[in-house]
Amino acid sequence: MGKNDPVDQALAALRTLAEVGDSPATRELLKKSLGSKYSLVVARAASIVEQLQIKDFAEQLHDAFTRCMREPTKTDKGCSAKTAIAKALYTLGIGTESVFLAGIRHIQMESTYGGSVDTAPELRGYCALGLVQIGYRDVMTELADLLADREMQARIMAARAIAYSERPDGVPLLRLKIRMSDKQVDVIGECFIAVLRLARAKAVPLVAEFLEYPDDDLRQSAALALGESRLPEALAALKARWESEFNTDVRRVLLLGIVTIRSSDSLQFALGVLAGGHPQPALDALESLKIYRHDHAVWEEIGRIVEEKKSAELSRRFKAI
């Protein structure tokens, strides 16, 4: 695009709006841009409306979305405008059932070299969050379908939307997905996080099962999800597995999960491993304890233990952090 290109000119005009802030002139340009025939301009305008928190632009955003849904591969190639609009409507809390239902069911196949690609998975994901936000009655039916979506990004956002709903009827969906697995570990990892958020301690045994799986990535996802849950029951499961495990690589992942819990008990466990007599577990403990490097008191205690160990390698690693 050159300086005389209309898209380039429109984007240039929008570029300074975020810095200028909300004003009558800003609103006038945003309204004009949301009505543009160029999807990149519409997408940028929607993002600025979101950034400036202009909540009374619901009608303009809805109209732009409806227009982009007409012959979508022509009016919004790449699905950038519809996605930006759905994100703005969700973030600002001004979306409606009609927009979010249309978006969560929208598939937009576009030609690429050697085939075609669906450009709408992110749109479906934001509309899933939007339906949860507005309390749509049959949202779990929509999320069940999205959890089986062909695109990984949509499946991940479905799991996040189920967690965001805080509804107990989302737990069976997540458990089923976890049991049936997924070709993408990131999807199951997101389901681990979601089911722990909804079911809390009741979900710990399910996720803890995967600490013994042979797949390294799946095992790590389970350990980190348990750590992020901050649950005492998760700490107990991780510690039990660590104490019965002899594989160094597996123990390293388990230690990271333990430290991620960030409780007094998890910290003391990791400090005990650091102070222990075995070189490799101590090095792994130090690596996992890096998350405390900005906590002066804890980091000072770690330094004291390292000094007492009188290990050249441990001291070198500590100084390098």
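Values in this text are rule-based calculations from the coordinates and carry no lab data. These numbers were taken from a predicted model, which means no experiment stands behind them. Ideal geometry is used to build each Cβ from the backbone, glycine not excepted, and the neighbour counts take in all protein chains shown.
See the values below:
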item: Alpha-carbon spread of the chain, three principal axes, descending order, Å; result: 69, 42, 41
item: Vicinal HN-Hα couplings computed from phi for region 35-46 (Karplus, 6.51 cos²θ - 1.76 cosθ + 1.60; Hz; Gly/Pro x); result: x, 5, 7, 9, 5, 5, 5, 4, 4, 5, 5, 4
item: For region 36-182: Kirkwood Rh in Å [reciprocal of mean 1/r, alpha carbons]; result: 15.5
item: Region 137-273: proportion of alpha-carbon pairs further apart than 23 angstrom, %; result: 32
item: Sequence-separation-based contact order of the chain, relative, with Cα cut under 8 Å and 6+ spacing, percent; result: 8
item: Charge-dipole axis of the chain as Lys and Arg at +1 and Asp and Glu at -1 on Cβ define it, positive-most pick from T16, A86, G257; result: T16
item: Calculated [θ] (222 nm, deg cm²/dmol) that DSSP helices of n ≥ 4 give over the chain, each run adding -39,500 (n - 2.57); result: -21000 deg cm²/dmol
item: Those residues of region 196-229 whose amide nitrogen sits under 13 Å from the label point placed on S263, 7 Å along Cα→Cβ; result: 201-202, 204, 226-229
item: Size of electric dipole in the chain: Cβ of Lys, Arg +1 and of Asp, Glu -1, about Cα centre, debye, nearest 20; result: 320
item: Whole-number Å³ per residue for the convex hull built on Cα positions in region 237-321; result: 83
